[in-house]
Amino acid sequence: DFSDWNSDGSEREKFHTLKNAVLDAKVIRFDYFSAYGGQTQRMAEPLKMVFKGQGWYLLAFCKTKNDTRFFKITRMRAVTVTEETFERKAGAGSGGDYVYDKKMVPLVLQVDEQLCFRLYDEFGGDHMVKNKDGSFTVSLELPEGEWLYGYILSYGEHARVLSPENIRREIEKRLS
């Protein structure tokens, strides 16, 4: 069941539309909502669907950005399959594993106790240590870029970046 509790079945329909576009090698058009609130229209060659971190993602060559990207399926709207077909390149989602080539950064966060459920949901217990004050220190590697800033900001006032310094400064700048 790919739907959330309030779903009217549209998420399941979108999933099947994307799956068929992958299988038929058809270019898709869609609106995409980023983690930090922006909306863009994209054209993409869908390569495969991936379930990771409790969510479905579409790995696709984004013709708009001229780059291979992961798109969170729940953030895709108005998905349209075009008549345009594309030829898969060897290794790019054609059954082999896609190598994620974005720079990974070691990140250390301190997260308030009331949001520990998110830490367990998103990372499991292996990456966190409970502090004496009840907060948690989380150490992990995540892909650098806009997604990371949006992700950290999604914790609001309940998370602090302990390191690296450049990411802490960027978060502080965005909060001011």
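Mind listing whichever residues of the stretch 103-117 are within 14 Å of Ser154 (Cβ to Cβ), open to solvent by less than 40 Å² (accessible area, probe 1.4 Å) and part of a helix (DSSP H, G or I)?
Leu115
Does the stretch 119-148 hold any residues that are farther than 27 Å from Trp56 by Cα, open to solvent by 60 Å² or more (accessible area, probe 1.4 Å), at pLDDT below 95 and not β-branched (Val, Ile, Thr), and which are they?
If the condition is that a residue be farther than 27 Å from Trp56 by Cα, open to solvent by 60 Å² or more (accessible area, probe 1.4 Å), at pLDDT below 95 and not β-branched (Val, Ile, Thr), then Lys130 is the only one that fits.
Within the stretch 119-156, track down each residue that is free of Cβ contacts under 8 Å to residues at least 12 places away in the same chain, assigned to a helix (DSSP H, G or I) and charged (D, E, K, R).
Correct list: Asp126 only.
Let me spell it out: the conditions are (1) over 23 Å from Pro143 (Cβ atoms); (2) open to solvent by 90 Å² or more (accessible area, probe 1.4 Å); (3) at pLDDT 90 or above; (4) of a type outside the set (D, E, K, R), and Ala25 meets all of them except one. Which number is the exception?
Failing condition for Ala25: (2).
The values are calculated or read from the model by the stated rules, or taken from the named source; none is laboratory data. Bear in mind that the values here come from a model prediction, so they are computed numbers and not experimental data. Glycine also receives a Cβ, built like all others from the backbone with ideal geometry; neighbour counts cover every protein chain displayed. Note: accessible area is taken over every heavy atom of the protein model, side chains too, but ligands, DNA and RNA are not part of it. Shrake-Rupley method; radii C 1.70, N 1.55, O 1.52, S 1.80 Å.
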